[in-house]
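Asker: The structure is given below, and queries will be raised subsequently.
The values are calculated or read from the model by the stated rules, or taken from the named source; none is laboratory data. Here the structure is a predicted model, which means the values were calculated and not measured. Here Cβ is always computed from backbone atoms with ideal geometry, including for glycine, and neighbour counts include all displayed protein chains. We work out accessible area using only protein heavy atoms, side chains counted, and drop any ligands, DNA or RNA first. Shrake-Rupley method; radii C 1.70, N 1.55, O 1.52, S 1.80 Å.
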Amino acid sequence: MTAPPKNAVFHMIGNGHIDPVWLWNWQEGYQEIKATYRSALDRLTEHPDFIFTASSAGHYAWILDNEPEMFEEIRARVAEGRWALVGGWWVQPDCNIPSGEAFVRQGLYGQRFFQAHFGRTADTGYNPDSFGHAGTLPQILLGSGLKRYTFMRPGPHEQALPSRLFWWQGPDGSRVLTFRIPYEYCTWGKDLEAHIRKCTTELSGTVNELMCFYGVGNHGGGPTTENLASIARLKADPDLPELRLSDPRQYFNAVQHTDVPVWSSELLYHAVGCYAAHSGVKRWNRAAELALVRAEKLAALATALTGITYPHDDLARAWKRVLFNQFHDILAGTSIESAYEDARNEYGEALATAQHVANAALQRISWRVTVPHREGSKPYVVFNPHPWPARVAIEHETGVPTDFTIVDERDQPVPAQRIQSEATVTGWRKRLLWTADLPPFGYRTYTILPEAAPQTPPVDASDTHLENSNFRLDIDPQTGGIASLLDKRTGAEVFRDTAAVGQVMRDPSDTWSHSLLRYDDLAGRFADSTSVLLEHGPVRSTIRTTSRYGRSTLTQDFMLYADQPHIEVRVRVDWHEQQRVLKLHFPAHLHFPQATFEVPYGVTTRPTNGNEEPGQRWIDLSGVYRPSGVIRGLSLINDAKYSYHALDADLGLTVLRSPVIAHHDPYEPVEGSDYRYLDQGEQAFTYWLYPHDGTWRDAGTPARRRCLPSGRW
């Protein structure tokens, strides 16, 4: 081995990476955080030159609440400069799945805690173990006061980068000085010589100062007495760089003027299976994020208009529940089964809080809306929490007479129909459906009157056919998918082949899908379908198809509204397959397509090569419609999923995966053993198909994304 350059320096970063949840529950993680911090404090007493680095304000909050005396020791070491605060976020989250607002809240609550209790904030973002990093993060990091960033995954075998140290630039030009950790963020052996010598291979002529991480991790532990003795011994080795006990801030200060390259893209791919693993936690997360944002907006409005007290503490507590469960091994779906009982409960607490806050605000505001009294009437105030106008379908359970009509505040009739009630044990409780045109961040009033309102359904419908002025949709009787979708506005056929078909892919990979980039090994398709006209009225008509594969069923309710430019599809899956992936495929009738994905507070385009990709609420394919040569596109919007692919003009939504729970390579499952598999049983979600002219920008796709399934406005 060649000797390192004479001026080479290794900043030895003593840390104890702790997964508060993974192969254990949060209560065990709680104890391990306490034990690791106690050990670090003891090492600081024993070794005057030792520095300890730790992130995650949520971990410190546990110590403050449970061991205030220990917290005071930590405060003293922080003030002394020997306990380095990094991260600035509540936890080390998954860095692709949370929404942009959730990332902002990670920084808000994390940095606020650091400032309140330590008198300072972190300046270095710190996510060594997260499985990939959205390209929009540099702007979010800078907005949180984090000018530097440290990560490890993806590794060099997964994502080639121009240097270990580089400027990471976001789409808006924001830059953070970023370092990719070599080889490992923690160590388990007593002697660090092999690890340090391995890191010397990463030295280059441009960057001769690197961070070298050490300390027992994952289940905590931190630097040991043997680790520190090993470093002391190796300092005298002339064939090694200078070994300097340090922290990330000192490192970045030392290299901040180094001329390093710029990287202007995402940091992918590692563990693409995480974007579809455990449908439950993905749905809870999406619902809680949106519910809290909606509750905050409505509460702020109620406070401004009526003087009601803003519920700061309730909302902060709810957000912290969500932020904690965005930890990468929870939100990624890679933890043990019982951990998701805890996650379900904590997301449930956040959702319940959001519901109470929103209801209090809406009740407060609506009580002050004047609605003229009409004998036998039932008035409703319908709010739009979005900053854009919305034309939406409203579903509401109520008691109504046999003959009824719905009018707006101008006394104009509104198309309405009865649909299946949730209260199937009684005849008087009904569910109504009508269309509301709502102003941006405003409301309108609608009144149910006991008067007959003869209406003719504007949708032509049968068990296999739906048609209105916008679309003609035909169902394939074999697969239960879409045999044809004609956009009557342009005469364009949206799909070149049967769409919305459940395709089952073989998936022998672990929970993370380590070493895989795509799922393309077809095991079979859902078929043996039945279809029935479920509802037919002046607002919408619905065909329900039920198809089968193995012991599983796929039910899709295809809904065509009288005057909406999209098709809504409510899906229910009863899944009983193992080591398989379920996808819905949409082969668009496009050439030279471009795939655009919603990402946290932004969009990105990616190659249409079939790789599994993370995304937020929507994906869009836009390209040339060959018969006419014009640019057309298809947006797919959903309320619970985060994993997609685009292969040429074939758009795929990954519905679920069913690997062995918490299976990590290189362990090989033993045939005949008793394992539990992900996503067994029933789940539901909704997606919307939005064919359009031009690109997603021309069509305004972001404004059409839904907050929740129809009826929860």
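Asker: I'd like the carbon and sulfur percentage of the solvent accessible area for the chain, probe radius 1.4 Å, heavy atoms only, ligands and nucleic acids excluded.
Answerer: 50 percent
Asker: Just read off the accessible area of residue 200 with the full protein assembly in place, 1.4 Å probe, to the nearest 10 Å².
Answerer: 20 Å²
Asker: Quick one: the Cα spread of region 474-563 along its three principal axes, in angstroms, biggest first?
Answerer: 50, 32, 22
Asker: Please list 3J(HN,Hα) in residue order for region 43-54, calculated via the Karplus relation 6.51 cos²θ - 1.76 cosθ + 1.60 where θ = phi - 60°; whole Hz, with x for glycine and proline.
Answerer: Those phi angles translate into 5, 5, 6, 6, 10, x, 9, 6, 10, 10, 10, 8 Hz.
Asker: A further question on this structure: Let a ≥ b ≥ c be the square roots of the eigenvalues of the Cα gyration tensor of region 172-215; is it rounded (a/c under 1.5), or, if not, prolate (a/b larger than b/c) or oblate?
Answerer: oblate
Asker: Moving on to the next point. Any idea which of 611, 238, 631 is furthest toward the positive side of the dipole for the chain, if Lys and Arg beta-carbons carry +1 and Asp and Glu beta-carbons -1?
Answerer: Highest projection toward the positive end goes to 631.
Asker: So, one more: Here are labelled values, [x] 97, 83, 39; [y] 113, 72, 60; [z] 92, 57, 51, and one is the computed Cα extents along the principal axes in Å for what I pasted. Which one?
Answerer: Matching the structure shown: [z].
Asker: Over region 320-449, what is the relative contact order in percent, taking alpha-carbon pairs closer than 8 angstrom and at least six residues apart?
Answerer: 28 percent
Asker: Can you tell me the accessible area per residue over region 426-508, all protein chains present, probe 1.4 angstrom, in square angstrom?
Answerer: Computed with neighbouring chains in place, this is 42 Å² per residue.
Asker: Please report how far the C-alpha centroid of region 196-255 lies from that of region 446-464, rounded to the nearest whole angstrom.
Answerer: Value for the Cα centre distance between the two parts: 72 Å.
Asker: In 5 Å bins starting at zero, report the fraction of Cα pairs in region 269-362 per bin as a rounded %.
Answerer: Bin by bin from 0 Å, the calculated values are 2, 15, 24, 19, 14, 10, 8, 5, 2, 1.
Asker: Find out how many positive minus negative residues lie around residue 309, taking Lys and Arg as positive, Asp and Glu as negative, among other residues whose Cβ is under 15 Å from that of residue 309.
Answerer: Spelling it out: positives minus negatives among the neighbours equals -2.
Asker: Sequence gap at least 6, Cα distance under 8 Å: using those rules, report the relative contact order of region 13-145 to the nearest whole percent.
Answerer: 22 percent
Asker: Determine the percent antiparallel among the DSSP beta bridges restricted to the chain, to the nearest 5.
Answerer: 85 percent
Asker: Would you grab the residues whose amide H sits under 5 Å from the one on residue 84? Only those 5+ places off in sequence or on another chain, please, with H modelled 1.01 Å from N.
Answerer: The list, which skips near neighbours in sequence, is 52, 53, 54.
Asker: Okay, moving on. Region 213-256: percent of C-alpha pairs farther apart than 17 Å?
Answerer: That tail contains 47 percent of the Cα-Cα pairs.
Asker: Please tell me the relative contact order of the chain in percent, rounded to the nearest whole number, where contacts are Cα pairs under 8 Å and at least six residues apart.
Answerer: Rounded, it is 12 percent for the chain.
Asker: Then there is this: Jot down the per residue volume, in cubic angstrom and as a whole number, of the convex hull over the alpha-carbon atoms of region 6-132.
Answerer: 138 Å³
Asker: Place +1 on the Cβ of every Lys and Arg and -1 on the Cβ of every Asp and Glu in the chain, take the dipole about the Cα centre, and give the residue among 155, 224, 642 whose Cα lies farthest towards its positive end.
Answerer: 642
Asker: If the viscosity is 1.002 mPa s and the temperature 20 °C, what translational diffusion coefficient in µm²/s does Stokes-Einstein give for region 86-181 when Rh comes from Kirkwood over Cα pairs?
Answerer: Rounded to a whole number, D works out at 160 µm²/s.
Asker: 222 nm [θ] for the chain, helices only, -39500 (n - 2.57) per DSSP H run of 4+, per residue, to 500?
Answerer: Theoretical 222 nm ellipticity from helices: -8000 deg cm²/dmol.
Asker: Right, something else. Which whole-Hz couplings ³J(HN,Hα) result when phi for each residue of region 156-162 is put into the Karplus expression 6.51 cos²θ - 1.76 cosθ + 1.60, θ = phi - 60°, listed in order with x for Gly and Pro?
Answerer: Coupling constants for region 156-162: x, 6, 10, 8, 6, 10, x Hz.
Asker: Here's a follow-up. Which percent of Cα-Cα pairs in region 613-701 sits in each 10 Å bin, short to long?
Answerer: 14, 34, 24, 16, 9, 2
Asker: Further, regarding this structure: Mind ordering 9-15, 394-400 by average Cβ neighbours within 10 Å, highest first?
Answerer: Those peptides, ordered most packed to least, come out 9-15, 394-400.
Asker: I've got another one for you. Suppose the Debye formula is applied to equal point scatterers at every Cα of region 169-264; what is log10 I(q)/I(0) at q = 0.25 Å⁻¹?
Answerer: Per q value, in the given order, log10 I(q)/I(0) is -1.45.
Asker: How large is the dipole of region 636-685 about the Cα centre if only Lys and Arg carry +1 and Asp and Glu carry -1, each at its Cβ, rounded to the nearest 20 debye?
Answerer: With only Lys, Arg, Asp and Glu charged at Cβ, the dipole is about 160 debye.
Asker: If I fit a long axis through the Cα atoms of helix 312-324 and take the longest principal axis of the Cα atoms of the chain, what angle between them do I get, 0 to 90°, rounded to 10?
Answerer: Here the helix axis deviates by roughly 70 degrees.
Asker: OK, next. Kirkwood hydrodynamic radius (Cα pairs, Å) of region 365-431?
Answerer: 14.2 Å
Asker: Under the rule of at least 5 residues apart or a separate chain, name every residue whose amide H is placed under 5 Å from the amide H of residue 95.
Answerer: HN-HN under 5 Å from residue 95: 131, 132.
Asker: OK, next. Which cross-chain or sequence-distant (5 or more) residues have an amide H under 5 Å from the amide H of residue 444, H modelled 1.01 Å from N in plane?
Answerer: Distant-sequence amide H within range of residue 444: 382.
Asker: May I ask you to list the lysines whose Cα is less than 28 Å away from that of residue 34, ignoring any residue fewer than eight positions away on the same chain?
Answerer: 190, 320
Asker: Given Cβ point charges of +1 (Lys, Arg) and -1 (Asp, Glu) and nothing else, what value in debye, to the nearest 20, does the dipole of the chain about its Cα centre take?
Answerer: Rounded to the nearest 20 debye, it is 1480 debye.
Asker: Whole-Hz Karplus ³J(HN,Hα) for region 391-401, in order, using 6.51 cos²θ - 1.76 cosθ + 1.60 and θ = phi - 60°, x for Gly and Pro?
Answerer: Once rounded to whole Hz, the list reads 10, 9, 8, 10, 10, 8, 7, 6, x, 9, x.
Asker: Which whole-percent values make up P(r) of region 559-710 when all C-alpha to C-alpha distances are grouped in 10 Å steps starting at zero?
Answerer: 10, 36, 31, 16, 6, 1
Asker: Compute the distance from the alpha-carbon center of region 593-640 to that of region 310-347, in whole Å.
Answerer: Between the Cα centres of region 593-640 and region 310-347 lies a distance of 30 Å.
Asker: Report the charge-dipole magnitude of region 449-557 in Debye, nearest 20, computed about the Cα centre from +1 at each Lys and Arg Cβ and -1 at each Asp and Glu Cβ.
Answerer: The calculated dipole for region 449-557 is roughly 120 debye.
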